[in-house]
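A.B. asks: Have a look at this one before I ask anything.
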Amino acid sequence: MSNPVHPGKVAWTGDNPGIYLKNDPDGDWASLATYFKINYSPFGMGKGVLLLEKPQMAASLPEACNVCLTDNEPLARYLMAEFFSRFNSFRVSAGTPAVSYLPLLEARSVGDTRRKYQEILRADGVEVVLTWDALGEPYAVDMPAEKGPTQKHEMYSLFIDAADASIQINGRRLPGQVSTRNFDGGKKSSAFLAFSESWMEMPAG
């Protein structure tokens, strides 16, 4: 019988839903957000959102709300450096390395993951509302390291795609609609819930 324990080191585990919006299906990303709620990492627990109001602008506040709201900045910087900045949509966006880190004051979840779901986060002067609507059937993913964005982590997760989604800042809806993203050689919705997501560092050799 094979050993049921994965031989790799756990990088982090938690939730990591995303909303990636476009004005033109063939154009650049119009606005981007990835929420995170981490249950284990080398930097402890934490939650927050990485938000690019203007992905093509290499700037943060006040020119663009390209920010990361978080209650654990060392964790957020680790996720940004080793993971989020390597995700396809954020890797090609000039706003990614320009983000400002803002202390998270409040975060709450609203809705039902079978239908419509929201994450609402607040920092000083900034409220972000992420909405996933028209949710589909859940499916499980086991992504080998060679197909993933870091090239050194295997990823397990439960995904639920959304047919409709929105990003709001202080009550203002950001531009863009749900499109598609490249995923394991195919296409998936660019708005999705990702729960129980675990990234395992593959052992050398």
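A.B. asks: Just need a number here: residues in segment 185-199 that are modelled with pLDDT under 95 and either assigned to a strand (DSSP E or B) or within 17 Å of the chain's Cα centre (by Cα) (or both).
C.D. replies: Qualifying residue count for the region: 3.
A.B. asks: Quick check on my filter: what residues within segment 64-98 are part of a loop (DSSP other than H, G, I, E, B), open to solvent by 20 Å² or more (accessible area, probe 1.4 Å) and among the hydrophobic types (A, V, I, L, M, F, W, C)?
C.D. replies: Correct list: 87, 92, 94.
Results for (1) part of a strand (DSSP E or B); (2) under 19 Å from residue 178 (Cβ atoms), shown as yes or no for each residue.
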{"position": "109", "(1), (2)": "yes, no"}
{"position": "117", "(1), (2)": "yes, yes"}
{"position": "128", "(1), (2)": "yes, yes"}
{"position": "133", "(1), (2)": "yes, yes"}
{"position": "137", "(1), (2)": "no, yes"}
{"position": "158", "(1), (2)": "yes, no"}
{"position": "161", "(1), (2)": "yes, yes"}
{"position": "164", "(1), (2)": "yes, yes"}
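A.B. asks: Given the options 180, 131, name the one that is within 23 Å of residue 30 (Cα to Cα), modelled with pLDDT under 95 and either β-branched (Val, Ile, Thr) or buried (at least 17 other Cβ atoms within 10 Å of the Cβ) (or both).
C.D. replies: 180
A.B. asks: Would you be able to say whether some residue in segment 2-23 is open to solvent by 100 Å² or more (accessible area, probe 1.4 Å), of a type outside the set (Phe, Trp, Tyr), free of Cβ contacts under 8 Å to residues at least 60 places away in the same chain and under 23 Å from residue 182 (Cα atoms)?
C.D. replies: No, segment 2-23 has no match at all.
A.B. asks: Also, I was wondering about something else. Which of the residues spanning segment 142-177 are among the hydrophobic types (A, V, I, L, M, F, W, C) and modelled with pLDDT under 95?
C.D. replies: Hits for segment 142-177 are 143, 145.
A.B. asks: Looking only at segment 139-156, count how many residues are farther than 22 Å from residue 49 by Cβ, assigned to a loop (DSSP other than H, G, I, E, B) and out of contact with any strand residue (DSSP E or B) (no Cβ under 8 Å at 6 or more places or on another chain).
C.D. replies: Of the residues in that region, 1 qualify.
A.B. asks: Could you grab me the full set of residues in segment 1-37 that are in a loop (DSSP other than H, G, I, E, B) and among the hydrophobic types (A, V, I, L, M, F, W, C)? Can you show your working first?
C.D. replies: Start the filter on segment 1-37 by keeping residues that are in a loop (DSSP other than H, G, I, E, B), which leaves 1-8, 16-17, 23-28.
Result: 1, 5.
A.B. asks: Also, quick follow-up: Taking segment 30-54 as the region of interest, how many residues are within 28 Å of residue 200 (Cβ to Cβ), open to solvent by 10 Å² or more (accessible area, probe 1.4 Å) and hydrophobic (A, V, I, L, M, F, W, C)?
C.D. replies: Residues meeting the conditions: 2.
A.B. asks: Output the residues belonging to segment 1-39 that are in contact with a His (Cβ under 9 Å, 6 or more places away or on another chain) and among the aliphatic types (A, V, I, L, M). Break it down stepwise before answering.
C.D. replies: Residues of segment 1-39 in contact with a His (Cβ under 9 Å, 6 or more places away or on another chain): 8, 11.
Listed by number, the list holds a single entry, 11.
The values are calculated or read from the model by the stated rules, or taken from the named source; none is laboratory data. Nothing here was measured: the structure is a model prediction, and the numbers come from that model. All Cβ positions, glycine included, derive from the backbone under ideal geometry; neighbour counts span all protein chains shown. Quick note on the areas: whole protein, heavy atoms, side chains included, nothing else; ligands and nucleic acids left out. Shrake-Rupley method; radii C 1.70, N 1.55, O 1.52, S 1.80 Å.
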